[in-house]
Amino acid sequence: MESRDLFGNLISNENFKNIKVGMNVIPNGEFLYYPDFIPKLESDILLESLKSSIVWKQESMNMYGKTVLFPRLTAWYGDNDKPYSFSGIKLNPNKWTNELLGIKDKIERITLNKFNSVLLNRYRNGNDSISWHTDAEKELGINPVIASVNFGATRKFHLRHNISKEKLEIELTHGSLLIMQGELQHYWQHQVPKTSKVVNERINLTYRVIKF
């Protein structure tokens, strides 16, 4: 029996190392990747708007008795009753902006999910990064769906299986959409590593469903 993704495309049984447009089925998870989800001109406008309209903050965490600044700027937006906790901090949501709601609507047209929150990360240059982690906090429930939209510089996105240590690399381009779903968050970690290359700013939005 043939299987199709959310866009009606056939799901291939090719080696999972071959990242392709549409559905990618991997051990213990799956993801959809669309490099041109939002057209370039619209993405250009959204990038500049997000830089100025979002309330950005550099969070910090305690590590080995020292206060360490996150190597990126962050922001949390969503429904008023949906706080989010990770890395020892608790974020209370800012009110939705029209831009964030517009992007959310585009994503919800192709998924069966209604997202109620979004975490934004702003990578100012190649020194900004996010280390290995999963989006599997208790607030997200079992098998969470994470919809990641990207604007600005292309950065490498790594996935690593918790048991086999198998790795995948995806280049997240300007206007791209990556939807991680199924068991993926429970079996795979992901990161955006630092790069020595000179790169411009990148803003990443990860839409989520906070369940409790």
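Laboratory data are not the source of any read-out in this text; all were calculated from the coordinates shown. Since the model is a prediction, treat every value here as computed from it, not as a measurement. Positions of Cβ are backbone-derived with ideal geometry, glycine not excepted, and every protein chain shown enters the neighbour counts.
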Selection from Tyr123, Pro71, Asn98, by position along the positive dipole direction of the stretch 44-189 (Cβ): Pro71
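Here is the link list: Lys138/Lys165; Lys66/Lys95; Lys57/Lys138; Lys51/Lys95. Which ones come out longer than 20 Å on Cα distance?
The answer is Lys138/Lys165; Lys66/Lys95; Lys57/Lys138.
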Proximal charge balance of Glu137 [Cβ under 13 Å; K/R count +1, D/E count -1]: +3
Around Pro27: net Lys/Arg minus Asp/Glu count, Cβ-Cβ under 11 Å: -3
Cα gyration tensor category, rounded, prolate or oblate, for the stretch 46-146 with a/c compared to 1.5: oblate
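Residues with beta-carbon under 14 Å from that of Ser49, excluding Ser49: net charge, scoring Lys, Arg +1 and Asp, Glu -1?
-3
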Of Lys90/Lys114; Lys106/Lys167; Lys106/Lys194, those spanning more than 25 Å from alpha-carbon to alpha-carbon: Lys106/Lys167; Lys106/Lys194
Ellipticity estimate at 222 nm from DSSP helix runs (n ≥ 4, -39,500 (n - 2.57)) divided over the chain, nearest 500: -4000 deg cm²/dmol
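Any idea what the dipole of the chain comes to, in debye rounded to 20, about its Cα centre with Lys/Arg Cβ at +1 and Asp/Glu Cβ at -1?
Details: 28 positive and 23 negative charges, 130 e Å.
So the dipole magnitude of the chain works out to roughly 620 debye.
Find the relative contact order for the chain and round it to a whole percent, using C-alpha pairs within less than 8 Å whose residues are 6+ positions apart. It would help to have the intermediate numbers written out before the result.
Numbers: 441 pairs, mean separation 53.9, N = 212.
Reported relative contact order: 25 percent.
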Stokes-Einstein D for the stretch 22-208, Kirkwood Rh over Cα pairs, 20 °C, 1.002 mPa s (µm²/s): 127
GNM result for the chain, Cα springs below 10 Å: residue of Leu159, Leu120, Leu112 fluctuating most strongly: Leu112
Top of Ile89, Ile179, Ile54 by mean-square fluctuation, Gaussian network on the chain, Cα under 10 Å: Ile89
Cα Rg, Dmax, the stretch 98-212, angstrom units: 14.1, 42
